[in-house]
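What follows is calculated from the coordinates using simple rules that are stated; it is not laboratory data. Keep in mind that what you see is a predicted model, and the values were worked out from it rather than measured. Note that we place each Cβ from the backbone using ideal geometry, even for glycine, and neighbour counts take in every protein chain shown.
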Amino acid sequence: MTGITTNFIDLFKEDIFLLGDFTDFFCGNRIGEGCSRSVYEYRIDPRYVIKIDRTNLFNNVAEWDIWHSLKDSEHGKYLAPCLSISSCGRVMLQRRTQLIKFNQLPEKVPAFFADTKLQNWGRIGKSIVCHDYANHAFYAGGNRMVKAKWWDDSIGHFKVI
């Protein structure tokens, strides 16, 4: 008698269709993609997204670390909450945001935000938060507030509010 398979690599290696079914069970539509990550609707709870890191840059780990370091601080209100992360950090659940417009962005943000781009921000309820904060200057001590210089991919240049 064979033992119960607990190693998912072996399980999926033997049946690639099972891997597809497993992924489709949790991942809804792809709603975004950047240089290193793909973002999917979380089929189980649409209030969340699944971020899959396609590289070894550990962007999910960076966001997870920043979220847990700042969630109870004055700067936590600027971050989309992270719910769960896989053991290697390649898959993460994060709170989903709704699209916003330029006039909804804050005038000032914590200095550690290194990628102040409209497309990295969204709304959760009445709060405007960053949902892509992996590119950061967090460890350089950037916790003061600074006037934001916003970038918009759709117009291809910076815009100061």
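Restriction of the trypsin sites (Lys or Arg not before Pro) in the stretch 65-153 to DSSP coil positions whose beta-carbon has at most 14 other beta-carbons within 10 angstrom yields 71, 101, 126, 144. With a 10 Å cut-off between alpha carbons and a GNM built on the chain, which of 118, 19, 83 moves the most? Residue with maximal mean-square fluctuation among 118, 19, 83: 19. Where in the stretch 58-87 does the amide nitrogen come within less than 18 Å of the point 7 Å from the Cα of residue 144, taken along Cα to Cβ? Answer for this model: 74-75. Using a Gaussian network model of the chain in which every pair of alpha carbons under 10 angstrom is joined by a spring, one finds that among 28, 76, 125 the greatest mean-square fluctuation is at 125. In summary, the lysines within cross-link reach of residue 126, defined as a Cα separation below 16 angstrom excluding same-chain residues under 8 places away, comprise 77, 101. The structure-derived value of mean projected area of the Cα convex hull in nm² appears in the list (i) 13.1; (ii) 13.9; (iii) 11.3 under the label (iii).
When shorter helices are ignored and each DSSP H run of at least 4 residues is given -39500 (n - 2.57), the per-residue value for the chain at 222 nm works out to -5500 deg cm²/dmol.
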